[in-house]
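Visitor: One structure, pasted below without further comment.
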Amino acid sequence: DSLNLTDIELYDNVFTGPIPSELGTLTRLTDLELDNNKLEGPIPSDLNNLSLLINLDLSNNLLSGQIPSDLSSLTKLFYFNATFNNNIGGSIDSSPYEADPLPNTYGDCSVSCSCCQAYNFN
């Protein structure tokens, strides 16, 4: 049953096209690794439905657009990486983490978020 998936590790392939918004229906996911592919287009805002997500790696793709602000609702998210993409921008509100920024957040220099600023990533 695909609704019970907890980990999707599809890194280091040659997948192309957009990230399927249907991934947002896999609400038991804790680990989503789509890095090192050729995925393009925006990060789907439907990923904010993944309330158990701990690890989200979208690095080394051809993604563009804004990081959905809804991702700040993922209070269990520990690791987020969107480096080495076409042109990712936007912000991630770290308020669910109170005074502590998201411990392991990596974005391109165009990403402006308090998490990255706390660790001098931009």
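The values are calculated or read from the model by the stated rules, or taken from the named source; none is laboratory data. Given the structure is predicted, the values throughout are model-derived calculations rather than measurements. Reconstructed Cβ throughout: ideal geometry from the backbone, glycine too, with neighbour counts over all protein chains shown. To get the accessible areas, we keep the full protein, side chains included, count just its heavy atoms, and leave off ligands, DNA and RNA. Shrake-Rupley method; radii C 1.70, N 1.55, O 1.52, S 1.80 Å.
Visitor: Once amide H atoms are placed 1.01 Å from N in the peptide plane, what residues at a sequence separation of 5 or more from residue 41, or on another chain, have their amide H within under 5 Å of its amide H?
Guide: Under 5 Å from the amide H of residue 41: 64.
Visitor: In what order, largest first, do 12, 35 sit by accessible area if the probe radius is 1.4 Å?
Guide: Per-residue accessible area, sorted high to low, gives 12, 35.
Visitor: Please give the net charge around residue 21, taking every other residue with its beta carbon less than 15 angstrom from that of residue 21, where Lys and Arg add +1 and Asp and Glu add -1.
Guide: Numbers: positive: none; negative: 22, 40, 46, 70.
Here the count lands on -4.
Visitor: Let me ask you something else. Quantify how much of the Cα-Cα distance distribution of the range 1-57 extends past 12 Å, in percent.
Guide: Of the Cα pairs, 64 percent sit more than 12 Å apart.
Visitor: How much net charge surrounds residue 12 when only the other residues with a Cβ under 12 Å from the Cβ of residue 12 are counted, with Lys and Arg +1 and Asp and Glu -1? Write down the numbers at each step before the final one.
Guide: Values: positive: 38; negative: 9, 33, 35, 57.
Cβ neighbours under 12 Å give a net charge of -3.
Visitor: Give me the net charge for the shell around residue 31: Cβ to Cβ below 9 angstrom, other residues only, Lys and Arg +1, Asp and Glu -1.
Guide: -4
Visitor: Then there is this: With a 1.4 Å probe and every protein chain kept in, tell me what percent of the accessible surface of the range 1-81 is carbon plus sulfur.
Guide: 51
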